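What follows is a single structure, written as structure tokens, with notes after it.
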Amino acid sequence: MASCRAPLVLLACGSFNPITNQHMRLFELARDHMHSTGRFEVVGGIVSPVSDGYGKQGLVPAKHRISMAKLALQSSNWVTVDEWESQQPDWTETVVTMRYHHGQILKEYEQSAGRHSDTSGNFASPSSPFPQLKLLCGADFLSSFKTPGLWLEDHVEELVQRFGLVCVSRGSLQPERAVHESDTLFRHRRNVFLVREWVRNETSATEIRRALRRHLSVKYLIPDSVIEYIRQHELYTEDSERRNEGTALRPLIKQAHQPIKSLDD
Amino acid sequence: NLLAWAFWRLIYNPTTSKVVLLACGSFNPITNVHLRMFELARDHLEDTGQYSVIKGIISPVGDAYKKKGLIEASHRVEMARLATESSEWITVDSWESQQSDWVETAKVIRHHYEELLAREHNRDNVDTVKYTKKRRIEENYIASSVHHRKRDGPQLMLLCGADVLESFGIPNLWKQEDITEIVGQYGLVCITRCGGDPYKFINQSDDLWKYRKNIHVVHEWVTNDISATHVRRALRRGRSVRYLLPESVVRYVQEHGLYSADSEQKNADVVLAPFQKYSDASTSG
């Protein structure tokens, strides 16, 4: 039987405050890696900036973060920006965002395949396998599962079992350790794809914002079009960094009275 | 606001020295990290309030350097040009790459410094307002045949990574008098990352220690080890290098099919030019 590559869409959730060359690198590295397994064909990438309701310190309005991401990805022929998450009235759990996008992919697939699913949503179509959706993230994301109150146990389970993770790390062995130290991740390790960029590259949006506040150059770290946008709209000042100061992250509040994920399971 | 601030600083601090930054290297290929070095250096020097960086020059090494994996200079120069198209102050110079023999870095610096002085001289010739300064420049220029560094003349500094600074210690790679000339008469701007310790290296060399005031160490607080070597490796393996190099350079590499397993074997059995030159010199006594 000929090997059948499963079409794969990669979804990256995050602040993108602002989007950087590093964010876009994640997609490139992940695509190369998933192709090289022989099992996947990456057909799309989605950048989904978090909504303002997330309450993270220094988060500038979603409309700016969306605009910047669009500018940055103008030259990409496979990664796009999606505004759904940022338009929701409240912060949206990552797994909810994934369910939404999975639903969208399903709709498109149905339309192009011209078929209807049976009641359980199953397809019998070996010639065009159903596209998969996996969450693309950096190593810090994986470690965030450990933060008390940030993730619901059920959600982490659904994330790795139903969808899957593609985790890109740069230099360190942190992700391997994170998988090792979590029974949930370990149980579904076959659906957790670890991608290594073998050199360290710690450029982050936090550093970019710091440099911008201090009027230092960020050229060659983020696209020129994004630099220009930031300059025009005077984003990222000492004031903007103080936004949400003292406020708790929305997930911690929203999930406070629900069973909290303890990673020492 | 930034513009006003810069304006005031220029007006009320007329003693800022003009600086041109020169980066020599393989640029095989040029990467965002190389370009970052210029930005970091400029920010650092201007932040001291003593300098005004007016220009950056990328000078790719000639093919005669014979480094393993070094592809044709014409490609490397063109990629650097594409990479700096969007820069208002960084340029590419092909003089070094066009020489038939490998040129010592000190010679490249001297060449560019002389060009810099000549331009200053010509510029002041047509600037009738700066009459007194013109006289001074002329006197200085006449005396410059032994390339002194003028107090209020423009300065040329070598821009490099910490690895280049530390390469001063590799036997037969540099001539001692060249090192002395570079740090003594021109100056070094050295970009370093966490984990490196250029100060220790400077401290351990009497020569460098003597001219430590001319060595500007710039800390890159965010580690970025992505090197041209890493980029070539990725390309050999058919991996994406987008966002590591400027878009136009990525396209150029693809269009010309540069950087394969073959190209990496170029000069594999050949001795690096400086080693060849200096060990010849020592054997011929």
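The values are calculated or read from the model by the stated rules, or taken from the named source; none is laboratory data. As the structure is a prediction and not an experimental result, all values here were calculated from the model. FYI the Cβ positions are ideal-geometry reconstructions off the backbone, even for glycines, and counts take in every protein chain you see.
Go through region B:181-205 residue by residue and tally those that are among the basic types (K, R) and surrounded by 22 or more Cβ atoms within 10 Å (Cβ to Cβ).
0
State all residues of region A:164-194 that are within 14 Å of chain B (Cβ to nearest Cβ) and either touching a Gly at 6+ places or on another chain (Cβ under 9 Å) or closer than 22 Å to A:W151 by Cα (or both); if no residue qualifies, say none.
A:V168, A:S169, A:R170
Which condition does A:A124 not pass, out of (1) part of a helix (DSSP H, G or I); (2) at pLDDT below 75; (3) not basic (K, R), if it passes all the others?
Status for A:A124: all satisfied but (1).
Condition first: part of a strand (DSSP E or B) and either among the charged types (D, E, K, R) or under 25 Å from A:I227 (Cβ atoms) (or both). Now tell me which residues in region A:25-68 satisfy that.
A:E41, A:G45, A:I46, A:V47, A:S48, A:P49
For region A:195-239, enumerate the residues that are surrounded by fewer than 17 Cβ atoms within 10 Å (Cβ to Cβ), more than 11 Å from chain B (Cβ to nearest Cβ) and either within 25 Å of the chain's Cα centre (by Cα) or free of Cβ contacts under 8 Å to residues at least 40 places away in the same chain (or both).
A:R213, A:Q232, A:E238, A:D239
I want to confirm something. Restricting to region B:192-202 and keeping residues that are of a type outside the set (G, A, S) and within 13 Å of chain A (Cβ to nearest Cβ), which single residue is nearest to the chain's Cα centre (by Cα)?
B:R193
Please work out which one of (1) closer than 26 Å to A:V195 by Cα; (2) away from chain B (no Cβ under 14 Å) is the condition A:P61 fails and give its number.
Among (1) closer than 26 Å to A:V195 by Cα; (2) away from chain B (no Cβ under 14 Å), the lone unmet condition for A:P61 is (1).
Looking at region A:35-57 only, could you name the residues that are within 14 Å of another protein chain (Cβ to nearest Cβ) and touching a helix residue (DSSP H, G or I) at 6+ places or on another chain (Cβ under 7 Å)?
Listed by number, the residues that qualify are A:V42, A:G45, A:V47.
For region B:65-74, how many residues are in contact with a helix residue (DSSP H, G or I) (Cβ under 6 Å, 6 or more places away or on another chain) and touching a residue at least 40 places away in the same chain (Cβ under 8 Å)?
The total comes to 4.
Is it fair to say A:K134 is at pLDDT 55 or above and part of a strand (DSSP E or B)?
yes
B:E46 passes all but one of (1) under 29 Å from B:Q265 (Cβ atoms); (2) outside any loop (DSSP other than H, G, I, E, B); (3) within 12 Å of chain A (Cβ to nearest Cβ); which number fails?
If we test B:E46 against (1) under 29 Å from B:Q265 (Cβ atoms); (2) outside any loop (DSSP other than H, G, I, E, B); (3) within 12 Å of chain A (Cβ to nearest Cβ), just (1) comes out false.
Restrict the check to region A:50-67 and report whether at least one residue is under 25 Å from A:A248 (Cα atoms), small (G, A, S) and in contact with a Leu (Cβ under 6 Å, 6 or more places away or on another chain).
Checked against the condition, which is being under 25 Å from A:A248 (Cα atoms), small (G, A, S) and in contact with a Leu (Cβ under 6 Å, 6 or more places away or on another chain), region A:50-67 yields at least one hit.
Results for (1) within 14 Å of chain A (Cβ to nearest Cβ); (2) over 12 Å from B:P29 (Cα atoms); (3) small (G, A, S); (4) in contact with a Ser or Thr (Cβ under 8 Å, 6 or more places away or on another chain), shown as yes or no for each residue.
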position	(1), (2), (3), (4)
B:S227	yes, no, yes, yes
B:V231	yes, no, no, yes
B:R239	yes, yes, no, no
B:P246	yes, no, no, yes
B:V250	yes, no, no, no
B:G257	no, yes, yes, no
B:D262	no, yes, no, no
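Restricting attention to region B:17-43, and to residues there that are part of a loop (DSSP other than H, G, I, E, B) and under 22 Å from B:H111 (Cα atoms), which single residue is farthest from the other protein chains (Cβ to nearest Cβ)?
B:S26
Can you name the residue in region A:13-34 that is crowded, with 19+ Cβ neighbours inside 10 Å, within 11 Å of the chain's Cα centre (by Cα) and more than 14 Å from chain B (Cβ to nearest Cβ) and is also farthest from A:V195 (Cα to Cα) among such residues?
Of everything passing the filter in region A:13-34, A:F16 is farthest from A:V195 (Cα to Cα).
Any idea how many residues of region B:62-111 are assigned to a loop (DSSP other than H, G, I, E, B) and within 14 Å of another protein chain (Cβ to nearest Cβ)?
Qualifying residue count for the region: 5.
Please verify whether A:E238 is more than 26 Å from B:L244 (Cβ to Cβ) and at pLDDT 90 or above, treating the condition exactly as stated.
In short, yes.
Test B:L21 against the stated conditions and say whether it is in contact with a strand residue (DSSP E or B) (Cβ under 8 Å, 6 or more places away or on another chain) and either acidic (D, E) or closer than 29 Å to A:R231 by Cβ (or both).
Yes: the conditions hold for B:L21.
Which pairs do you get when a residue that is within 14 Å of another protein chain (Cβ to nearest Cβ) and without any contact (Cβ under 8 Å) to a residue 60 or more places away in the chain, found in region B:203-225, comes within reach of a residue that is in a helix (DSSP H, G or I) and of a type outside the set (V, I, T), reach meaning Cβ atoms under 7 angstrom, with the pair 6+ apart or on two chains?
B:V222/A:E207
Let's see how each residue does on (1) closer than 24 Å to A:E157 by Cβ; (2) touching a Pro at 6+ places or on another chain (Cβ under 9 Å):
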position: A:A6; (1), (2): yes, yes
position: A:N17; (1), (2): no, yes
position: A:R39; (1), (2): yes, no
position: A:K70; (1), (2): no, no
position: A:M98; (1), (2): yes, no
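Suppose we filter B:A80, B:A106, B:A23 for residues that are farther than 30 Å from A:L235 by Cβ, touching an Asp or Glu at 6+ places or on another chain (Cβ under 7 Å), in contact (Cβ under 8 Å) with a residue 24 or more places away in the chain and crowded, with 17+ Cβ neighbours inside 10 Å; which single one remains?
Going through B:A80, B:A106, B:A23 in turn, the sole match is B:A106.
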